[in-house]
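The values are calculated or read from the model by the stated rules, or taken from the named source; none is laboratory data. From a predicted model like this one, the values you see are computed outputs, not experimental measurements. In this analysis, Cβ positions are derived from the backbone assuming ideal geometry, glycine residues included, and neighbour counts consider all displayed protein chains. To get the accessible areas, we keep the full protein, side chains included, count just its heavy atoms, and leave off ligands, DNA and RNA. Shrake-Rupley method; radii C 1.70, N 1.55, O 1.52, S 1.80 Å.
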Amino acid sequence: MQKQQRVVIENVSPQINGGALSIKRVVGQLVHISADILADGHDLMAASILFKAQKDKKWSEVRMSAGQNDDWFGTIKVEKQGVYEYKIEAWVDYALNWQYGIGRKIADGQRVNSELAEGVLYVKALQKKASTSEKVYLKKLSELFKNEDAYDEAVNEAVSDKLKVIFEKYPEKFLANTSEPLPIYVDRKKALFSTWYEFFPRSAASKEGQHGTFKDCIPLLKRVSDMGFDTLYFPPVHPIGEVNRKGKNNTTTALDGDVGSCWGIGSKNGGHKDIHPELGSLDDFKELVAKAKEQDIEIAMDYALQAAPDHPWVKDHPSWFKWRPDGTVQYAENPPKKYQDILPIYFESEDFKGLWKECLDVLFFWIDCGINIFRVDNPHTKPFYFWNWIMNEVKKKHPDIIFLAEAFTRPKIMQQLAKQGYTQSYTYFSWRDNKHELIGYVEELTKTEQSEYMRPNFWPNTPDINPFHLQGANESKHIQRYVLAATLSSNIGIYGPVFEQMLSDALPGKEEYLNSEKFQIQKHNWEAENWLIKLISGINKARKDHEALQQTNNIKFCHIDNDQLMAFYKWNDEKTSEVFVVISLDHHHAQRGTVQLPIHDLGIGPNDQLKIRDILPDVHYTWNGEWNFVELHPNMPFHIFEIIK
């Protein structure tokens with residue numbers, strides 16, 4: 001038989017796939033929750049959000065507020081890492097109904113002796129729950145409501161705010177209904193705010209033509225730290241296959257001395273749990289990880305589930321690969337790209353359990369070496385449910401682990417990877433260049449359901465992506481692209497020193513680097529300094545100093561009467577940090593315009609003054625009213641204004 005209930009709870013939000021997958025937050029973040037809650041008739045209702053960390057025994061409770069159309073809203077704050085769950089509880093509040101009804105009758109001039117007598121029942125019901133002082137007050141009301149000689153005082157107390165507060169504090173949840181629990185996964189803060197720098201350790205040597213080592217990387221850590229980066233990502237550091245090794249510029253024939261692609265993993269020297277010999281030893285790697293930590297830098301490893309033809313897995317676990325009738329394995333492809341030096345793993349293998357376990361063991365091996373961040377190569381070519389399983393298994397033991405999905409593919413596939421558990425995601429930012437594209441894309445990421453599960457990581461370039469708009473571009477364009485990434489998204493990264501030294505020679509007609517480090521060693525000038533590097537350092541410091549820039553979703557684009565200028569307002573959850581950003585999208589000419597401030601969000605009137613500080617180069621201004629003039633030049637194509645209140 002149907003349980004006796006009156007309240008309906010539906011359209012609970014946020015949730016992913018009916019609660020099958022978790023929405024995401026970081027420690028200390030808010031979760032804004034809503035639902036449609038209704039009952040028959042005209043009775044007053046009440047509702048609460050119940051929530052707890054998975055290991056907690058008791059549920060915490062936060063009351064919800066009613067909107068205009070049976071919609072209810074509330075906000076909770078998650079304080080611990082790991083799994084949370086929340087649900088909504090709603091009920092008809094008979095005590096508040098009594099108070100509301102008696103108030104209407106009193107206002108109408110009706111005599112309410114009978115209603116006061118009824119009120120005694122509601123007051124007495126609270127005696128066991130109330131505090132000592134509240135009990136004294138409630139006992140007084142019980143006597144007062146029965147005393148006809150104190151009628152005037154009784155009706156005043158019956159509709160008092162003091163009594164209403166006590167009713168709300170100790171509700172009688174008669175016939176309450178509860179929604180199904182919904183999951184939240186709470187990561188450490190770095191999941192939301194990180195600043196990545198990528199370089200190839202084999203290009204770290206100081207001598208021309210010499211293969212770099214982990215020991216060569218250690219002196220470069222200070223440079224990375226001084227620029228304000230907190231995550232140093234290395235492409236794969238495992239032994240590189242010798243069979244079908246790629247030559248320079250992705251040629252299919254390697255010449256003597258060609259080092260090959262480091263994504264062609266595995267050789268006679270080992271596989272995914274081993275170090276490429278020319279980079280050094282495992283102890284050298286651990287030393288680098290420790291030295292980086294001293295500079296507040298975390299090393300991120302590449303996790304690429306693929307194998308060179310001479311990877312030990314091919315011989316030891318042949319069922320992990322799909323063999324053709326002629327005894328060969330089709331090499332990997334990601335059209336239009338071909339990877340003749342890589343064999344794809346066959347996830348439909350009958351030995352899939354052994355395969356999955358080995359993939360998990362690889363992660364645990366490197367976690368034991370001090371790695372807490374993994375950039376995952378081409379995850380969209382492996383099963384979604386595999387990723388869900390392996391990431392959950394890792395986070396059961398190591399909740400600090402961060403997974404970045406390197407998937408540039410169809411939107412719903414990228415979104416599904418995020419839903420399945422990826423902490424951060426590469427995005428289409430690398431190709432969004434004009435004002436309309438940028439605003440539309442950021443609005444999609446921050447104002448749709450994607451904001452609940454997909455944390456974007458904006459990269460202006462990668463070893464795979466040398467976008468046309470950066471090829472041959474001047475310094476102003478590079479500044480523009482970096483400040484766009486750094487202020488629109490709280491997670492960002494660059495492939496250096498290629499980006500900050502503006503090395504953008506490309507293969508003709510392609511968005512790929514000429515003489516790409518994916519296939520050869522490069523000699524870099526690690527001592528180089530320029531205006532772009534100085535600004536990158538300043539922008540990264542601004543990000544560290546202002547919480548408004550340490551999150552992505554709290555953003556509002558503002559009107560400005562120039563399509564070459566883009567303006568937006570950002571704030572942290574508590575609104576203790578607010579910034580206003582204006583960026584020129586013209587890297588050749590000065591641009592000027594009048595920008596409209598979001599005065600209602602700022603809490604100011606149309607004629608009020610607003611004090612602001614231009615963070616770079618630390619100049620104070622006072623703006624007047626809703627509309628204000630700005631002018632930007634190519635050598636400094638942005639303002640990041642701190643709002644001072």
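Can you tell me which residue within the stretch 624-641, out of those that are polar (S, T, N, Q) and part of a strand (DSSP E or B), is surrounded by the most Cβ atoms within 10 Å (Cβ to Cβ)?
Within the stretch 624-641, the subset polar (S, T, N, Q) is 624, 628, 635.
Next, from what is left, pick out any that are part of a strand (DSSP E or B): 624, 628.
On the way: N624: 10, N628: 19.
By that ranking, first place goes to N628.
Sort out for me the helices (runs of 4 or more DSSP H) sitting completely within the stretch 101-208 that have 2 or more residues that are without any contact (Cβ under 8 Å) to a residue 40 or more places away in the chain and touching a Ser or Thr at 6+ places or on another chain (Cβ under 9 Å).
Per the criteria, 113-124.
Please specify each residue of the stretch 365-416 satisfying the condition of being among the aromatic types (F, W, Y), open to solvent by 40 Å² or more (accessible area, probe 1.4 Å) and part of a helix (DSSP H, G or I).
If the condition is that a residue be among the aromatic types (F, W, Y), open to solvent by 40 Å² or more (accessible area, probe 1.4 Å) and part of a helix (DSSP H, G or I), then F365, F384, Y385, W389 are the ones that fit.
Would you check which residues across the stretch 217-228 are in contact with a Lys or Arg (Cβ under 9 Å, 6 or more places away or on another chain) and assigned to a helix (DSSP H, G or I) and list them?
Answer for the stretch 217-228, where residues must be in contact with a Lys or Arg (Cβ under 9 Å, 6 or more places away or on another chain) and assigned to a helix (DSSP H, G or I): C217, I218, L221.
Yes/no matrix, rows are residues, columns are (1) within 20 Å of D93 (Cβ to Cβ); (2) surrounded by 17 or more Cβ atoms within 10 Å (Cβ to Cβ):
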position	(1), (2)
V123	yes, yes
K129	yes, no
L141	yes, yes
Y151	no, no
V155	no, yes
V165	yes, no
F174	yes, no
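Given (1) touching a residue at least 40 places away in the same chain (Cβ under 8 Å); (2) in a loop (DSSP other than H, G, I, E, B), identify the lone condition not met by E574.
Result: E574 passes all but (1).
How about the stretch 21-68: which strands (runs of 3 or more DSSP E) wholly inside it have at least 1 residues that are more than 30 Å from K396 (Cβ to Cβ)?
Strands (runs of 3 or more DSSP E) meeting the threshold: 30-38, 45-53, 60-63.
Restricting the search to the stretch 230-264, which residues are crowded, with 18+ Cβ neighbours inside 10 Å and either in contact with a helix residue (DSSP H, G or I) (Cβ under 7 Å, 6 or more places away or on another chain) or without any contact (Cβ under 8 Å) to a residue 60 or more places away in the chain (or both)?
L232, F234, V237, H238, P239, A254, V259
Scanning the stretch 53-66 for residues that are more than 22 Å from E172 (Cα to Cα) and touching a strand residue (DSSP E or B) at 6+ places or on another chain (Cβ under 6 Å), which turns out least open to solvent (accessible area, probe 1.4 Å)?
A53
Restrict the check to the stretch 28-49 and report whether at least one residue is closer than 18 Å to R455 by Cα and either charged (D, E, K, R) or crowded, with 18+ Cβ neighbours inside 10 Å (or both).
Checked the stretch 28-49: at least one residue is closer than 18 Å to R455 by Cα and either charged (D, E, K, R) or crowded, with 18+ Cβ neighbours inside 10 Å (or both).
Does K293 fit the bill of being touching a Gly at 6+ places or on another chain (Cβ under 8 Å), open to solvent by 70 Å² or more (accessible area, probe 1.4 Å) and not aliphatic (A, V, I, L, M)?
So K293 fits the description; yes.
Do you know which residues across the stretch 555-575 are open to solvent by 10 Å² or more (accessible area, probe 1.4 Å), within 23 Å of K24 (Cα to Cα) and touching a helix residue (DSSP H, G or I) at 6+ places or on another chain (Cβ under 7 Å)?
Across the stretch 555-575, the qualifying residues are K556, W571.
To keep it simple, each residue is scored yes or no on (1) out of contact with any helix residue (DSSP H, G or I) (no Cβ under 9 Å at 6 or more places or on another chain); (2) open to solvent by less than 50 Å² (accessible area, probe 1.4 Å); (3) farther than 18 Å from I373 by Cα.
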| site | (1), (2), (3) |
| --- | --- |
| K273 | no, no, no |
| L279 | no, yes, yes |
| A304 | yes, yes, no |
| A307 | no, yes, yes |
| K315 | yes, no, yes |
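Residue by residue through the stretch 499-537, note down the ones that are open to solvent by 60 Å² or more (accessible area, probe 1.4 Å) and not in a helix (DSSP H, G or I).
L503, D505, P508, G509, K510, L514, N515, K523, N525, E527, E529
Condition first: of a type in the set (A, V, I, L, M, F, W, C) and closer than 21 Å to K570 by Cα. Now tell me which residues in the stretch 420-478 satisfy that.
Matches in the stretch 420-478: F429, L438, I439, V442, L445, M454, F458, W459.
Quickly run through the stretch 203-229 and pick out the residues that are more than 19 Å from E298 (Cβ to Cβ) and open to solvent by less than 10 Å² (accessible area, probe 1.4 Å).
Result: S203, A205, G212.
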